[in-house]
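For reference, the structure is listed below as structure tokens.
The values are calculated or read from the model by the stated rules, or taken from the named source; none is laboratory data. Quantities reported herein were computed from a predicted structural model and do not represent experimental measurements. Cβ placement follows ideal geometry from the backbone for every residue including glycine, while neighbour counts extend to all protein chains displayed.
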Amino acid sequence: MYTNLAYSTYSQNNVSIESSEKLIKMLYEGVLRFASQAKKAIEDKNIEKRTYWINRTSAIFAELIHSLNYDGGQIAYYLRGLYTHQLRLLTEANKNNDTAKLDEVISVARELLQAWKDETDYVVD
């Protein structure tokens, strides 16, 4: 269920996704956007929107976990642990109205996005 939600979120707006690299970037960008919306909902004391945006963010992490290629070495196992931890933080943020947990998720997503951009830029050059 989460996998389809995350993918359809982006495929609806981006009918022709050029590559899996682009999709990963878009997923990280989605995490940033959705987690920020969840944080705003907590600050606004809007439970319905908080839950909605946290569920969308969780769906992206589920998609990222399902897309890992374990044939590539230890990095996939590391990322699985990292993504799973992000899911725990999202659960705690939702349960406790904790914007600090969302700040952690946002910080990690920013770093992942930057690292992914740096890596794909390096490969292309």
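Data for the structure
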item	result
Index of the failed condition, residue 68 passing every other in (1) in a helix (DSSP H, G or I); (2) within 14 Å of residue 24 (Cβ to Cβ)	(1)
Residue within the stretch 30-37 that is polar (S, T, N, Q), on the phi < 0 side of the Ramachandran plot, modelled with pLDDT under 95 and in contact with a helix residue (DSSP H, G or I) (Cβ under 7 Å, 6 or more places away or on another chain) present	no
Residue within the stretch 20-29 that is within 21 Å of residue 118 (Cα to Cα), without any contact (Cβ under 8 Å) to a residue 60 or more places away in the chain, assigned to a loop (DSSP other than H, G, I, E, B) and small (Gly, Ala, Ser) present	no
Close pairs (7 angstrom Cβ cut-off, 6 or more residues apart or separate chains): without any contact (Cβ under 8 Å) to a residue 40 or more places away in the chain and closer than 20 Å to residue 53 by Cβ in the stretch 78-96, charged (D, E, K, R) and in a helix (DSSP H, G or I) anywhere	89/101; 89/104; 92/101
Sole residue being among the hydroxyl-bearing types (Ser, Thr, Tyr), at pLDDT below 95 and more than 27 Å from residue 118 (Cα to Cα), chosen from 52, 7, 2	2
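Listed here are the residues, each with its yes/no results for (1) hydroxyl-bearing (Ser, Thr, Tyr); (2) buried (at least 19 other Cβ atoms within 10 Å of the Cβ); (3) not in a loop (DSSP other than H, G, I, E, B).
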residue: 36; (1), (2), (3): yes, no, yes
residue: 40; (1), (2), (3): no, no, yes
residue: 45; (1), (2), (3): no, no, no
residue: 55; (1), (2), (3): no, no, yes
residue: 59; (1), (2), (3): no, yes, yes
residue: 64; (1), (2), (3): no, yes, yes
residue: 75; (1), (2), (3): no, no, yes
residue: 79; (1), (2), (3): no, no, yes
